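Student: Handing you this structure, nothing more for now.
The values are calculated or read from the model by the stated rules, or taken from the named source; none is laboratory data. These figures come from a predicted structure and were not determined experimentally. Every residue, glycine among them, receives a Cβ derived from its backbone with ideal geometry; neighbour counts consider all protein chains shown. Heavy atoms of the whole protein, side chains included, go into the accessibility calculation; ligands, DNA and RNA do not. Shrake-Rupley method; radii C 1.70, N 1.55, O 1.52, S 1.80 Å.
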Amino acid sequence: MPFTAPILPPGEPAAAVTPYGAATPTTPPARRAHRTGVTGVAMANRFRIDRSSAEEEFGLACQRLIPWAGAAEEPPVGAMACFLRPGGDSDPDCHDQDEVMIVLVGTGSVTLDGRLEPPFGAGDIVVLPRNQEHVVHNTGDAELSWVSLYWPLREPATRTDTDTRTDTDTRTDTDADIEAGTGAGTGTETHQQSDRHNHHEQNEEIAA
């Protein structure tokens, strides 16, 4: 079927016509700047994975990548570059967060909930489900390195046995005491968070 150029309102610039019936703008729309500096020029945050910037944690060396120092908003995920010495093992770790290992260099394996998984190498992606203890092993002669992504950024609070009571039990401990004139109840709520994914706060304080 032949196609024709659309009739444009007076004063509107002509657009390129395609055989698919859609008009293509002669100039592409300007891209929205992700971040602007003092001069208004768009800039991107850039930093390198660097072994010398890593600190000893969990039986290996870790470089915190996300969040980065000076980030305006807290991201929903965290990331760190990990470096494990030849023949080394990481400390056992278990957390209420999903984790993905993107292997950069070296060969290794992981023990997941007591099961030794098949070996992996550079270019592999290893998924570690939440709430399963894992230990990473460097099975090669060179340093093993990978980027670990985990989410959510902060491990959800863990309710203790003192928080498993029903609403009726809670009322008995609190409201009933108040009605009896003995003051507030003695019910307590305790939350625990893993140290693994809260180190970024310490690093931000150091960077500041």
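Student: Are any residues in region 131-150 more than 13 Å from Asp91 (Cβ to Cβ) and part of a strand (DSSP E or B), and if so, which ones? Please lay out each step first, then the result.
Tutor: Initially, region 131-150 is screened for residues more than 13 Å from Asp91 (Cβ to Cβ), giving 131-132, 138-150.
Listed by number, the residues that qualify are Asn138, Leu144, Ser145, Trp146, Val147, Ser148, Leu149, Tyr150.
Student: Is it true that Ala79 is under 17 Å from Ala54 (Cα atoms) and within 14 Å of the chain's Cα centre (by Cα)? Give the steps one after another, and end with the answer.
Tutor: Working: under 17 Å from Ala54 (Cα atoms): yes; within 14 Å of the chain's Cα centre (by Cα): yes.
The answer is yes for Ala79.
Student: Here is a further query. For region 87-130, what are the residues that are surrounded by 13 or more Cβ atoms within 10 Å (Cβ to Cβ), more than 22 Å from the chain's Cα centre (by Cα), in contact (Cβ under 8 Å) with a residue 12 or more places away in the chain and not in a strand (DSSP E or B)?
Tutor: Within region 87-130, Gly88, Gly106, Pro119 meet the criteria.
Student: Check whether at least one residue in region 63-80 is touching a strand residue (DSSP E or B) at 6+ places or on another chain (Cβ under 7 Å) and over 22 Å from Pro152 (Cα atoms), and report yes or no.
Tutor: For region 63-80, residues touching a strand residue (DSSP E or B) at 6+ places or on another chain (Cβ under 7 Å) and over 22 Å from Pro152 (Cα atoms): absent.
Student: Looking for something within 17 Å of Tyr150 (Cα to Cα), of a type in the set (Phe, Trp, Tyr), out of contact with any helix residue (DSSP H, G or I) (no Cβ under 7 Å at 6 or more places or on another chain) and touching a residue at least 40 places away in the same chain (Cβ under 8 Å) - is there at least one such residue anywhere in region 57-70?
Tutor: Yes, that holds for at least one residue.
Student: In addition: Taking Asp141 as meeting all but one of (1) at pLDDT 95 or above; (2) under 19 Å from Ala54 (Cβ atoms); (3) charged (D, E, K, R), write down the number of the exception.
Tutor: Exception for Asp141: condition (2).
Student: Please state which of the following conditions Pro76 fails to meet, knowing it meets all the rest: (1) part of a strand (DSSP E or B); (2) open to solvent by 60 Å² or more (accessible area, probe 1.4 Å).
Tutor: If we test Pro76 against (1) part of a strand (DSSP E or B); (2) open to solvent by 60 Å² or more (accessible area, probe 1.4 Å), just (1) comes out false.
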